[in-house]
Structures are given as C-alpha cells and as structure tokens.
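The values are calculated or read from the model by the stated rules, or taken from the named source; none is laboratory data. Note that the structure is a prediction, hence the values are computed from the model and not measured. Cβ placement follows ideal geometry from the backbone for every residue including glycine, while neighbour counts extend to all protein chains displayed. The accessibility values were calculated without ligands, DNA or RNA, using every heavy atom of the protein model including side chains. Shrake-Rupley method; radii C 1.70, N 1.55, O 1.52, S 1.80 Å.
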Amino acid sequence: MNKLLTLAQLDDDLVKQYKSAIQNAFPDIILCSKVIEKYWDRVEAYFPQTQIFLIDSENQLLGFMNAIPLFWNAPLRELPDEGWDWMLEKGVDDFENGQIPNFLGGLQIIVTKDNLGNGYSKILISEAKRLVKKEGYENFIIPIRPTFKSRYPNMKMEEYIDLKVDGKVYDPWIRTHLKGGAKIINICFKAMYIDGNLQFWEKLMNRKIETTGAYIVEGALNPVDIDVENNHGTYYEDNIWISYF
C-alpha cells in the first residue's frame with residue numbers, strides 16, 4: 001500500500017533516496033544553479049510540510065513534490081519572467097519577513113526513474129491541490145520545465161508549446177498538467193539563470209571553447225551564450241507558468 005509522507009517524516013534511508021533522485025532527475029547544468037545552492041536548504045528547513053513524498057510498502061521512494069508557499073496579489077499574467085528562480089527566492093524571503101502566503105508554488109515534481117509511467121505524478125499533483133484547499137491558498141502555480149524541450153534547444157518556446165503529434169500536445173509534462181486541469185498562463189523566459197567563466201562551461205560541456213557564440217549543452221532547453229573575449233557564458237532557461245485554480 002502506497003503512502004504519502006512529508007519531509008519531516010522521512011527516515012535516513014528515504015532521505016538518501018530523495019537526494020539521489022534529485023541528482024538523477026536533472027542535467028548537470030541545472031544542478032549548477034546558484035539560486036538552488038543559496039536557497040534550497042532553507043526551503044526544506046522552513047517548509048517540510050509542503051515537501052510531499054510517495055512511498056511504497058517496501059519503503060521505496062516512488063516520487064515526490066517540492067513546493068513552496070508564497071504571497072502573490074497581482075494578476076497571474078504578471079507573474080515574473082524570472083519564474084522558477086523568482087519563486088524560490090520569493091517564498092524564502094516571504095517566510096523570513098513574516099509575510100503570510102496565499103499561493104502554493106510547485107518547484108518540482110519528480111517520479112523516480114524505475115517508476116515512470118505509473119501515474120504517480122498525478123497522485124502528487126492531486127495531493128498538492130488538496131493541500132491548497134486545506135491551507136486556504138488561492139492557487140497552485142508552477143513554472144514547468146517541459147520534459148522533451150531539450151530535444152529541440154533551438155526551437156522557441158512559443159513554437160514548442162504548440163507542437164503536436166497525432167493531434168495531441170507533444171510534450172508529456174505539458175500534456176499531464178493540461179489533462180489534470182491546469183491552464184497555461186504564459187512563458188517565463190528567464191526562469192532559471194546560470195552563468196560562469198569559460199573554465200566552468202568547458203568542464204560542463206567537456207570540450208574546449210575557442211569562439212564566441214551559441215553552444216548546445218546536454219540537457220539544456222536553450223543554447224548557452226558564450227563570450228570568449230570576456231571569459232563569460234550565460235544561460236537563460238524558458239519555463240511555462242501554469243495555474244490550477
């Protein structure tokens with residue numbers, strides 16, 4: 001029998017499984033985020049009740065959702081272009097400043113690799129919606145990272161959203177949320193920002209960089225802009241703002 005637990009209820013073994021699942025779920029470029037490095041420990045410390053884990057009868061992690069309460073009182077269409085980075089920082093800052101939240105923000109929903117395709121993400125989304133109603137929040141918003149966009153790094157997100165195969169939305173993560181009742185608000189074009197010097201990018205790409213230009217990095221949704229003359233490279237990742245209420 002599967003069960004749902006919060007972060008505070010995990011034993012040491014489940015915590016290890018959780019940390020390993022995060023490392024396995026994302027490409028290296030995302031794990032280099034300075035925003036994650038700065039704020040993630042505080043998300044887990046401040047909001048253990050909104051970190052939800054789906055566990056099977058043998059104490060194996062099936063999937064989990066990391067979410068953060070925050071305050072938002074403007075139209076949804078005005079949610080910031082900085083998307084994911086903004087939401088992480090905003091939720092932590094709100095908590096530290098005593099601001100009462102009215103929204104729940106989804107940071108990530110991950111199903112462990114051996115358990116994909118079993119509908120576990122839908123269970124986690126349903127639990128998030130239940131939590132929103134229980135806590136009296138007004139909405140559940142997520143800057144989603146489309147699963148297959150890295151296959152088309154040079155395609156604009158505006159085109160990718162509308163990409164269809166056999167009459168249905170191509171991207172499975174977009175499709176899952178739409179089927180679950182979510183609505184697309186808009187694209188957040190600077191949802192994640194990662195930068196570094198040439199040495200940083202050469203290590204990440206495992207290649208020598210000799211010319212200025214756009215470079216494709218494994219797992220990235222968009223190209224990385226490299227400026228050799230200034231010894232610097234920048235990556236802005238598009239995500240898609242969605243809402244459930």
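Here are some notes:
- Selection within segment 211-244 - in a loop (DSSP other than H, G, I, E, B) and either under 19 Å from the mean Cα position of the chain (by Cα) or closer than 18 Å to Val35 by Cα (or both): Val217, Glu218, Gly219, Ala220, Leu221, Asn222, Pro223, Tyr244
- Index of the failed condition, Glu135 passing every other in (1) open to solvent by 70 Å² or more (accessible area, probe 1.4 Å); (2) at pLDDT 95 or above; (3) under 16 Å from Arg175 (Cα atoms): (3)
- The residue that is nearest to Trp241 (Cα to Cα), counting only those in segment 185-201 that are part of a helix (DSSP H, G or I) and open to solvent by 40 Å² or more (accessible area, probe 1.4 Å), is Phe200.
- Test result for Leu221, open to solvent by less than 10 Å² (accessible area, probe 1.4 Å) and out of contact with any Cys (no Cβ under 6 Å at 6 or more places or on another chain): yes
- Test for Lys208: is it more than 26 Å from Pro75 (Cβ to Cβ), part of a helix (DSSP H, G or I) and open to solvent by 50 Å² or more (accessible area, probe 1.4 Å): no
- For segment 151-161, residues that are within 14 Å of Tyr236 (Cα to Cα) and either open to solvent by 50 Å² or more (accessible area, probe 1.4 Å) or under 14 Å from the mean Cα position of the chain (by Cα) (or both) total 2.
- Selected residue [surrounded by 15 or more Cβ atoms within 10 Å (Cβ to Cβ), assigned to a helix (DSSP H, G or I) and at negative phi] from Ile142, Ile125: Ile125
- Verdict on Ile226 being within 21 Å of Glu82 (Cα to Cα), free of Cβ contacts under 8 Å to residues at least 60 places away in the same chain and open to solvent by less than 60 Å² (accessible area, probe 1.4 Å): yes
- Checked against the criterion of being under 30 Å from Ala128 (Cα atoms) and charged (D, E, K, R), the candidates Lys179, Lys203, Lys208 yield just one match: Lys179.
- Unique residue being under 18 Å from the mean Cα position of the chain (by Cα), closer than 29 Å to Met1 by Cα and not β-branched (Val, Ile, Thr) when the list is Phe103, Phe64: Phe64
- Enumerated strands (runs of 3 or more DSSP E) restricted to segment 1-101, each holding at least 3 residues that are surrounded by fewer than 17 Cβ atoms within 10 Å (Cβ to Cβ) and on the phi < 0 side of the Ramachandran plot: 3-6
- Those residues of segment 162-184 which are surrounded by fewer than 17 Cβ atoms within 10 Å (Cβ to Cβ), outside any loop (DSSP other than H, G, I, E, B) and either among the basic types (Lys, Arg) or touching a residue at least 24 places away in the same chain (Cβ under 8 Å) (or both), in sequence order: Lys164, Lys168, Pro172, Arg175, Lys179, Lys183, Ile184
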